[in-house]
Amino acid sequence: MKINADLGERALVDSNGMDWVASPERGVERKMLDRDGGEVARATTIVRFAPGSYFSAHGHGGGEELFVLEGVFSDEHGDYPAGTYLRNPIGSTHTPFSEGGCTLLVKLCQMSDAAESRLAVDSNAGDWQPGRVPGLERLALFTSESSGESVALVRFAPGTSLKDDVHDGGEELLVLQGVLEDQYGRYPAGTWLRQPDGSSHEPFSSEGCTLWVKRGHLPSTG
């Protein structure tokens, strides 16, 4: 299966207009944003657990990255409320479930460092730092000096704009709150956008927004 599988191309999905599709596990549904492969695939997906649902014990041959969007996600290691960022490294296993239900952003088979350790970050207790321009703030979730990959929450105050934002190593984002805009369009909460290596845009937000942003992880198009 191939969905937005060409990482050298810009991809845009408004997940609000997508139907939920059943997964192999009862009570677990998903919206596929990008995918290259079968049931085990390089994939970016929004996943929803109904209350009391679970996923069977499984391993992560290529690693797993999660951000809890709503509710509380759980596994044998702990409980993770909305705003938690998780990285389950290559070769790890777990048995996820949700007692009250939850919604997640999930990225599979996209890690390369076999020595990476498990990571859990509660952004609700995070330290927001000033960004490149007034009105822009950033909360770092993960940074790899070896690969150049970074993951963060980014917050635009109303009326904030950036000029010539270049994406070395590409950029991928999910609008969590508010509306992001650029010269190409308007992106409400629930919009997923992937921009390839070397691309650029001029993002702004008239009303303010909060984004999950991953950068430096896409292959070079040069």
For segment 56-99, state the semi-axes of the equivalent ellipsoid (square roots of 5 times the eigenvalues of the alpha-carbon gyration tensor), sorted largest first and rounded to whole angstrom.
18, 12, 7
Can you tell me how segment 71-222 classifies by the Cα gyration tensor, rounded, prolate or oblate, using a/c under 1.5 as the rounded cut?
oblate
Only Lys, Arg, Asp and Glu count, each charged at its Cβ (+1, +1, -1, -1), so figure out the dipole size of segment 70-144 about its Cα centre, rounded to 20 debye.
360
Considering Cα pairs under 8 angstrom that are at least six residues apart, work out the relative contact order of the chain and quote it in whole percent.
18
Using a cut-off of 10 Å between beta-carbons, work out the net charge of the residues near Phe142 (Lys and Arg +1, Asp and Glu -1, Phe142 not included).
-1
State the percentage of accessible surface on the chain attributable to carbon and sulfur atoms; use a 1.4 Å probe and exclude ligands, DNA and RNA.
51
For segment 1-61, rounded, prolate or oblate, judged on the Cα gyration tensor with a ≥ b ≥ c (square roots of eigenvalues), a/c < 1.5 rounded, else prolate if a/b > b/c?
oblate
Relative contact order computed over segment 26-154 (Cα-Cα under 8 Å; 6+ residues apart), in percent
23
Accessible-area value, Met32, 1.4 Å probe, nucleic acids and ligands omitted, Å²:
40
Run the Debye formula on the Cα coordinates of segment 142-222, all scatterers equal and no solvent, and tell me log10 I(q)/I(0) at q = 0.19, 0.21, 0.24 1/Å.
-0.79, -0.95, -1.17
Calculate the dipole size of segment 1-87 relative to its Cα centre from +1 charges on Lys and Arg beta carbons and -1 charges on Asp and Glu beta carbons; express the result in debye to the nearest 20.
140
Percent RCO, i.e. relative contact order, over segment 86-153, from Cα pairs under 8 Å lying at least 6 residues apart:
25
Positive-end residue, segment 136-205 charge dipole about Cα centroid, Cβ charges, pick of Leu141, Pro196, Gly185
Gly185
Positive end of the charge dipole of the chain (Lys, Arg +1 and Asp, Glu -1 on Cβ, about the Cα centre): tell me which of Leu173, Ile90, Ala120 has its Cα farthest that way.
Leu173
Which of rounded, prolate or oblate describes segment 52-150 when judged by the alpha-carbon gyration tensor and an a/c cut-off of 1.5?
oblate
Nearby aspartates and glutamates by direct alpha-carbon distance to Lys214 (threshold 13 angstrom, same-chain neighbours under 8 apart not counted):
Glu65, Glu149, Asp168, Glu171, Glu172, Asp197
Per the charge dipole of segment 1-119 (beta-carbon charges, Lys/Arg positive, Asp/Glu negative, Cα centre), the residue among Gly38, Ser53, Gly100 reaching farthest to the positive end is Gly38
Mind ranking 20-27, 6-13, 79-86 by how tightly packed they are, going by the mean number of other C-beta atoms within 10 angstrom, highest first?
79-86, 6-13, 20-27
Solvent-accessible area per residue, Å², over segment 1-141 with all protein chains present [probe radius 1.4 Å]:
50
Extension reserve of the Val21-Val166 stretch, reckoned as 0.36 nm per residue once the Cα distance is removed:
48.7 nm
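The values are calculated or read from the model by the stated rules, or taken from the named source; none is laboratory data. This one's a predicted model, so the numbers in the text were calculated from it and none came from an experiment. Positions of Cβ are generated from backbone atoms using ideal geometry, with glycine treated the same way; all protein chains shown enter the neighbour counts. We work out accessible area using only protein heavy atoms, side chains counted, and drop any ligands, DNA or RNA first. Shrake-Rupley method; radii C 1.70, N 1.55, O 1.52, S 1.80 Å.
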